[in-house]
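First the structure, in the form of structure tokens, and then the observations on it.
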Amino acid sequence: MAEWTIDTAVDELLRRERERQDGGRITDQWPALDLGTAYRVQDALLARKVDAGERVVGVKLGLTSRAKQRRMGVDSPLTGWLTDAMVLPEGAPVPLAETIHPRVEPEIAFTMGERLAGPDVTPERALAAVASVHAGFEVIDSRYRDFSFALGDVVADNASSCRFVVSSTAVPPHGLDLAAEGCRLGIDGDPVDQATGTAVLGHPAAALALAANDLARRGLAIEAGWTVLTGGLTDAVLAEPGRTITVDFDTLGSLSLTTA
Ligand code: 0L1
Ligand code: MG
């Protein structure tokens, strides 16, 4: 690439997604890609998808656990956009033929009952705007080789977003202890990992508040009816062909995802 700009970065990331081809870090060639510019790339990428007919249905948080931040070599949580094209109906397989190297992670998801706009949103206020809580899986897929990126790269790449599924079982938020909510992740019936809601910035509502406050800095808000994915609870597992990945939550129910 002769010279990187917001437009050329969007072109390149969309090309990699379309052609299912990963590539090197943009920041290797565009070291001046700071966080503010990376979010402008992310927003421009979303605008291209909306121009192509996609509809924004929510936001996601990524890298909300310190353990995952350390593993990915990135020291901050981040946000990304969810569109209707990323929705996997419950029971639908991960579409391996449309992805590069997908991984799956269990998440606590919120459906928003009210608009939530920062700044200064507290976890308590954030939770009061939630209509229902759900078991969720996010399928992440990086447009970077081996999921290797700096913060600017992964923000520009819409936080590795790819697909997501949210359980149709809607649990009212009142009375839930989401910090203590436990989940157990299994592959083909074998347990592989477990976590509680504390893995997500101490409490999933803290992640929701962070998203609202981050979006406010860009003049944006979380809208009523949107889905919010609050961040991976455990390590993401590879979506290899023929796998059935299952998560069992204490009170949010269970969800299974197959790969095809
Ligand atoms: O949802 C996530 O936590 C993913 C954020 C980006 C980091 C990654 O690709 O693992
Ligand atoms: Mg995630």
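The values are calculated or read from the model by the stated rules, or taken from the named source; none is laboratory data. These numbers come from a predicted model, not from an experiment. Cβ atoms come from the backbone with ideal geometry, glycine included; neighbour counts cover every protein chain shown.
Kindly evaluate Gly53 against the criterion of being modelled with pLDDT under 95, more than 14 Å from the chain's Cα centre (by Cα), surrounded by fewer than 22 Cβ atoms within 10 Å (Cβ to Cβ) and of a type outside the set (D, E, K, R).
Values: modelled with pLDDT under 95: no; more than 14 Å from the chain's Cα centre (by Cα): yes; surrounded by fewer than 22 Cβ atoms within 10 Å (Cβ to Cβ): yes; of a type outside the set (D, E, K, R): yes.
So Gly53 does not fit the description; no.
If you check Val165, Val139, which single one turns out to be near ligand 1 (Cβ under 10 Å from one of its atoms) and within 22 Å of Asp193 (Cα to Cα)?
Val139
Taking the stretch 91-108, which residues are away from ligand 1 (no atom under 12 Å from the Cβ), surrounded by 15 or more Cβ atoms within 10 Å (Cβ to Cβ) and hydrophobic (A, V, I, L, M, F, W, C)?
Once the filter is applied, which keeps residues that are away from ligand 1 (no atom under 12 Å from the Cβ), surrounded by 15 or more Cβ atoms within 10 Å (Cβ to Cβ) and hydrophobic (A, V, I, L, M, F, W, C), the stretch 91-108 yields Val94, Leu96, Ile108.
Quick check on my filter: what residues within the stretch 98-144 are basic (Lys, Arg) and either within 15 Å of ligand 2 (Cβ to nearest atom) or in contact with a Pro (Cβ under 7 Å, 6 or more places away or on another chain) (or both)?
Of everything in the stretch 98-144, just one residue is basic (Lys, Arg) and either within 15 Å of ligand 2 (Cβ to nearest atom) or in contact with a Pro (Cβ under 7 Å, 6 or more places away or on another chain) (or both), namely Arg103.
If I go through the stretch 226-251 residue by residue, how many of them are buried (at least 24 other Cβ atoms within 10 Å of the Cβ) and within 12 Å of Gly186 (Cβ to Cβ)?
2
Select from the stretch 74-90 the residues that are touching a residue at least 40 places away in the same chain (Cβ under 8 Å) and surrounded by fewer than 19 Cβ atoms within 10 Å (Cβ to Cβ) and list them in ascending order.
Asp75, Ser76, Val87, Leu88, Pro89, Glu90
Select the strands (runs of 3 or more DSSP E) contained entirely in the stretch 25-140, then report the ones holding at least 3 residues which are of a type outside the set (Gly, Ala, Ser) and more than 19 Å from Leu220 (Cβ to Cβ).
Output list reads 103-112, 130-140.
Please go through (1) farther than 29 Å from Gly225 by Cα; (2) surrounded by 17 or more Cβ atoms within 10 Å (Cβ to Cβ); (3) free of Cβ contacts under 8 Å to residues at least 40 places away in the same chain for Thr27 and return the number of the only condition it doesn't satisfy.
Exception for Thr27: condition (3).
Checking Ala156 against (1) surrounded by fewer than 23 Cβ atoms within 10 Å (Cβ to Cβ); (2) among the hydrophobic types (A, V, I, L, M, F, W, C); (3) within 12 Å of ligand 1 (Cβ to nearest atom), which test does it fail?
Only one criterion in (1) surrounded by fewer than 23 Cβ atoms within 10 Å (Cβ to Cβ); (2) among the hydrophobic types (A, V, I, L, M, F, W, C); (3) within 12 Å of ligand 1 (Cβ to nearest atom) is unmet by Ala156, namely (1).
Could you tell me whether any residue of the stretch 179-189 is within 16 Å of ligand 1 (Cβ to nearest atom) and over 25 Å from Glu19 (Cβ atoms)?
yes
Test Ser65 against the stated conditions and say whether it is within 15 Å of ligand 2 (Cβ to nearest atom), in contact (Cβ under 8 Å) with a residue 24 or more places away in the chain and exposed (fewer than 12 other Cβ atoms within 10 Å of the Cβ).
No: the conditions fail for Ser65.
For residues that are without any contact (Cβ under 8 Å) to a residue 24 or more places away in the chain and within 23 Å of Ala92 (Cβ to Cβ), scanning just the stretch 200-249, find the one that is nearest to ligand 2 (Cβ to nearest atom).
If we take residues in the stretch 200-249 being without any contact (Cβ under 8 Å) to a residue 24 or more places away in the chain and within 23 Å of Ala92 (Cβ to Cβ), then Glu240 is nearest to ligand 2 (Cβ to nearest atom).
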